[in-house]
1. Test A:Val115 against the stated conditions and say whether it is of a type in the set (Val, Ile, Thr), in a helix (DSSP H, G or I) and under 25 Å from B:Lys103 (Cβ atoms).
2. Let me confirm something: among A:Val60, A:Val40, A:Val75, which residue is of a type in the set (Val, Ile, Thr) and open to solvent by 10 Å² or more (accessible area, probe 1.4 Å)?
3. Identify the single condition in (1) free of Cβ contacts under 8 Å to residues at least 40 places away in the same chain; (2) over 22 Å from B:Asp24 (Cβ atoms) that B:Val97 does not satisfy, given that it satisfies every other one.
4. On the given criteria, is A:Asp65 within 19 Å of the chain's Cα centre (by Cα), away from every other protein chain (no Cβ under 14 Å), part of a helix (DSSP H, G or I) and not aromatic (Phe, Trp, Tyr)?
5. May I ask you to verify whether A:Met165 is modelled with pLDDT of 95 or more, under 26 Å from the mean Cα position of the chain (by Cα) and either within 14 Å of chain B (Cβ to nearest Cβ) or open to solvent by 30 Å² or more (accessible area, probe 1.4 Å) (or both)?
6. Within the stretch A:88-105, identify whether any single residue is within 14 Å of chain B (Cβ to nearest Cβ), touching a helix residue (DSSP H, G or I) at 6+ places or on another chain (Cβ under 6 Å), surrounded by fewer than 23 Cβ atoms within 10 Å (Cβ to Cβ) and within 24 Å of A:Val20 (Cα to Cα), and answer yes or no.
7. Quick one: A:Pro121 ticks every box in (1) free of Cβ contacts under 8 Å to residues at least 40 places away in the same chain; (2) closer than 24 Å to A:Ala274 by Cβ; (3) within 14 Å of another protein chain (Cβ to nearest Cβ) except a single one, so which number is it?
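The values are calculated or read from the model by the stated rules, or taken from the named source; none is laboratory data. Computed from a predicted structure; not experimentally measured. A quick note on method: Cβ atoms are made from the backbone with ideal geometry, for glycine too, and the neighbour counts reach across all protein chains shown. SASA here: full protein model, heavy atoms, side chains in, ligands and nucleic acids out. Shrake-Rupley method; radii C 1.70, N 1.55, O 1.52, S 1.80 Å.
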Amino acid sequence: MTSYLDEDLDVSPDEITLTVLPPRLRELQLTVRAFAEEVVRPRVLALDQAPAEHFDWEMVQLGHDLGLTRLTLPVEHGGGGYGILGVAVAMEELASVCAGTALIFGATLLGQAPVLLSADPVLQAKYLPRFSGPKAVLACNAITEDLAGCDLLIPDNAEHAAGVMSAHKVGDTYVLNGRKRFITNAMFADFASVYANIDGSPGATGLTCFLVPLDTPGVHRGAVANKMGYRVCLGSELIFEDVVVPADQIVGGEGTGIYINIQQMNMARATVAAISTGIARGAFTIARDWARTRIQGGVPLHQHQFTARKLAEMASKIDAARLLYIRAANRVDREIPPPPYEPAVAKLFADRISVEVAEEAMTLLGARGYLRDYGLEKFMRDALGTRIYEGTPEILALAVTEAIYATDDDF
Amino acid sequence: MTVFDSKEQAVGVFSQLFELLLQDETFSTRVREAGLSLRLVQSKPDFALHISNDGVRVDDITTPAALTIKMSSDNAHALWSGQLLMPLALATGKIRVRGSVTKMLEFQPLLQPAFDRYPQIALEAGVTA
């Protein structure tokens, strides 16, 4: 059997099963599971049905106290020192109860990623220690725009990108102007990783990653999007009007933003696949419990062959999705640049099966599955959302196909 | 046209660079505490350096290393000269790493003394590009 787990984590290949994680990750898994059950679950139904602008800072603070806002930060900055596999395991646990809660923390880790990738001790000292203070702090990644989505992710598309946020160089500073859309945590984040195009570069060919504190003059937080799912986390616009950013807040140099973003994305996709896996698991758990207690024809539902077949298919899909994200996360934890193939495959599969499992679970519960009070339909709405961010199935298919035809590297 | 005239010149420059880095107290302390070892594999000219708290060994490709870092010698020169930025080099695959990414991200900022010292070392070795 191929080892999918990090050799550094003291697990022999003989010990590797679907449920055995290295001790430190197992401990994280159980800790986050307890948080999800004890803190998140009692709040989920009310939060999901609250107005779009409602945000539960108390829950976020409790997650922060647990270290969920700093999982990947180096220990020297007070972080957890976990890799992407650790994040993925935590995301599955959170998403099995509430995907929106998972994304609050996941989006923060995504916003931090350019700071880590910068390799710049000054930027790291400026932005990272705040996540280990007593007060919960969030970050966000601001790339998507109204007219530009995948044009900011695919290098060959960059010259065709339209209306991209601009960065005009003035002395040792840049002046940012433009709007970002659908930005998770934008309403409350402390700082953002912001992608803007250097003036004079066609399309997004001069895309550059800037670290911008969101209390900088000229930054405005726009209206919160009224979403179908993921209502526990807030997505909104970020508006930049003549925002002056010092040149030393650039990550990776002028015009390198698209590559920084691709790297971030390939790291993140393994964790988003874990969120989809968690959503599927959450829906499955409700269906499994229902099929055990609901008696029809004198026996529990799960003893009916049609139901048994459905439950077995659902369980198989979830296990397969989990194995794929573990493989992807482990490769991402062991390679720079992160591989494009495994994370894209994991997300493509997990996104699909989460919708399928949520739908099957709803059919098993019948009318109850359609009622908001049972919490099952939330998993369906969230599953559809996960299919969009960090790569739609169409974008993932392009990434997978490109990798299939790529020549082997000689590392 | 490559930056280095010979393997000997490149090995001399990069061995000296990492030996000096190991003399940096912050770096060497962290290397020791983390039990970190690096295998630097460079091409054109081709050679490998094994770097650990025990020192720098040339063309040792059998001793296990926690991190393997691979790049061309020209890219190595551009990197340490400050012409090639680390985030871009890593994102585009000009530098490739196998091993614990967490450790790599943790140790990158500690490499700063190497950036400070490299230009002089290269100059003294007659590297002119």
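1. Values: of a type in the set (Val, Ile, Thr): yes; in a helix (DSSP H, G or I): yes; under 25 Å from B:Lys103 (Cβ atoms): yes.
Against the criterion (of a type in the set (Val, Ile, Thr), in a helix (DSSP H, G or I) and under 25 Å from B:Lys103 (Cβ atoms)), A:Val115 qualifies.
2. Working: A:Val60 fails: open to solvent by 10 Å² or more (accessible area, probe 1.4 Å); A:Val40 fails: open to solvent by 10 Å² or more (accessible area, probe 1.4 Å).
Within the list A:Val60, A:Val40, A:Val75, the selection yields A:Val75.
3. For B:Val97, the exception is condition (2).
4. On the way: within 19 Å of the chain's Cα centre (by Cα): no; away from every other protein chain (no Cβ under 14 Å): yes; part of a helix (DSSP H, G or I): yes; not aromatic (Phe, Trp, Tyr): yes.
Answer is no for this residue.
5. Details: modelled with pLDDT of 95 or more: yes; under 26 Å from the mean Cα position of the chain (by Cα): yes; either within 14 Å of chain B (Cβ to nearest Cβ) or open to solvent by 30 Å² or more (accessible area, probe 1.4 Å) (or both): no.
No; evaluated as a whole, the condition is false for this residue.
6. Kept after step one, since they are within 14 Å of chain B (Cβ to nearest Cβ), are these residues of the stretch A:88-105: A:88.
Now drop any that are not touching a helix residue (DSSP H, G or I) at 6+ places or on another chain (Cβ under 6 Å), which leaves A:88.
Okay, now just the ones that are also surrounded by fewer than 23 Cβ atoms within 10 Å (Cβ to Cβ), so none.
Within the stretch A:88-105 (the criterion being within 14 Å of chain B (Cβ to nearest Cβ), touching a helix residue (DSSP H, G or I) at 6+ places or on another chain (Cβ under 6 Å), surrounded by fewer than 23 Cβ atoms within 10 Å (Cβ to Cβ) and within 24 Å of A:Val20 (Cα to Cα)), the answer is no, since none of the residues qualifies.
7. Of the numbered conditions (1) free of Cβ contacts under 8 Å to residues at least 40 places away in the same chain; (2) closer than 24 Å to A:Ala274 by Cβ; (3) within 14 Å of another protein chain (Cβ to nearest Cβ), the odd one out for A:Pro121 is (2).
Per-residue answers, yes or no, for (1) touching a residue at least 12 places away in the same chain (Cβ under 8 Å); (2) under 13 Å from the mean Cα position of the chain (by Cα):
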position: B:Ser6; (1), (2): yes, no
position: B:Glu19; (1), (2): yes, yes
position: B:Leu38; (1), (2): yes, yes
position: B:Gln42; (1), (2): yes, yes
position: B:His50; (1), (2): yes, yes
position: B:Arg57; (1), (2): no, yes
